1. Let me know the shape class of the range 3-61, please: from the alpha-carbon gyration tensor, a ≥ b ≥ c as square roots of the eigenvalues, rounded when a/c is under 1.5, otherwise prolate if a/b is greater than b/c, or oblate.
2. Looking at the chain only, what percent of DSSP beta bridges run antiparallel? Nearest 5 please.
3. Report the gain in length on full extension from K38 to S153: 0.36 nm times residue separation, minus Cα-Cα distance, nm rounded to one decimal.
4. Relative contact order for the chain: what percent, with Cα pairs under 8 Å and sequence separation of 6 or more?
5. So for the range 3-61, averaging the separation of alpha carbon pairs under 8 Å that are six or more residues apart and normalising by length, what relative contact order in percent results?
6. Given 0.36 nm per residue, what is the gain on full extension from R138 to R115 after removing their alpha carbon distance, in nm?
7. Could you list the square roots of 5 times each eigenvalue of the Cα gyration tensor of the range 51-144, that is, the equivalent ellipsoid semi-axes, sorted largest first and rounded to whole Å?
8. Give the Rg/Rh ratio for the chain, taking Rg as the radius of gyration of the Cα atoms and Rh as the Kirkwood radius, to two decimals.
Amino acid sequence: MDGLTRRISEAVHGQPQATVTVLSSLLAVEDELGYIPKEAVEEVAALTHSTINDVWAVASFYPNFRFEPPCEHTVEICWGTSCHLVGAMPLIEAILDAAGMEGEGDTDDRRLTLRFNTCLGACAQAPVISIDHQLHGRLSAEAAREKVSALLSAPDSSGGR
Ligand code: FES
């Protein structure tokens, strides 16, 4: 079993909840890998006694699933109501500017995946962003710009992925 197959297997078979569904299994894989590889679709189909088409139908219905590995770093920006009310928009503009991007997506050099999120679950600390799954709250636009710039100016740690 290679590393990817083992991580998929551990993610789908290690779900703590009593009811395991196609969606819960896909979420477990996305949490573990940051994307849904085709091998995971096959594993989820087998585990849930579904067809591969059924699993693809669920996976493709939800826009938050991605089917390619994320870039070296992932930044999520919350633009939910609480964050919006206290300055998510200037934060978004500063981060897009620092990353040289116009919206969500991956940079061409594969250093940064940028995603918008409707709630990162830390509304009391709004406005909130997540950098490589670590939350940063009560950020000013300038602080957010500096964090993203620092991330992108650091040496590439992906090993050329
Ligand atoms: S709305 Fe931004 S963390 Fe909840």
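1. In terms of gyration-tensor shape, rounded.
2. Values: 8 of 14 bridges.
In the chain, approximately 55 percent of DSSP beta bridges are antiparallel ones.
3. Working: separation 115, 0.36 × 115 = 41.40 nm, distance 3.27 nm.
Stretched fully, the K38-S153 segment lengthens by 38.1 nm.
4. Details: 226 pairs, mean separation 32.1, N = 161.
Normalised by residue count, the contact order of the chain is 20 percent.
5. On the way: 52 pairs, mean separation 20.2, N = 59.
Relative contact order comes out at 34 percent.
6. On the way: separation 23, 0.36 × 23 = 8.28 nm, distance 1.85 nm.
In short, 6.4 nm is gained.
7. Numbers: eigenvalues 129, 57, 22 Å².
Computed over the range 51-144, the values are 25, 17, 10 Å.
8. Details: Rg = 17.2 Å, Rh = 17.0 Å.
My calculation of the ratio gives 1.01.
We did not get these values from a lab; they are worked out from the coordinates using the rules stated. Computed from a prediction, not measured in an experiment: that's the story for all the values here. In this analysis, Cβ positions are derived from the backbone assuming ideal geometry, glycine residues included, and neighbour counts consider all displayed protein chains.
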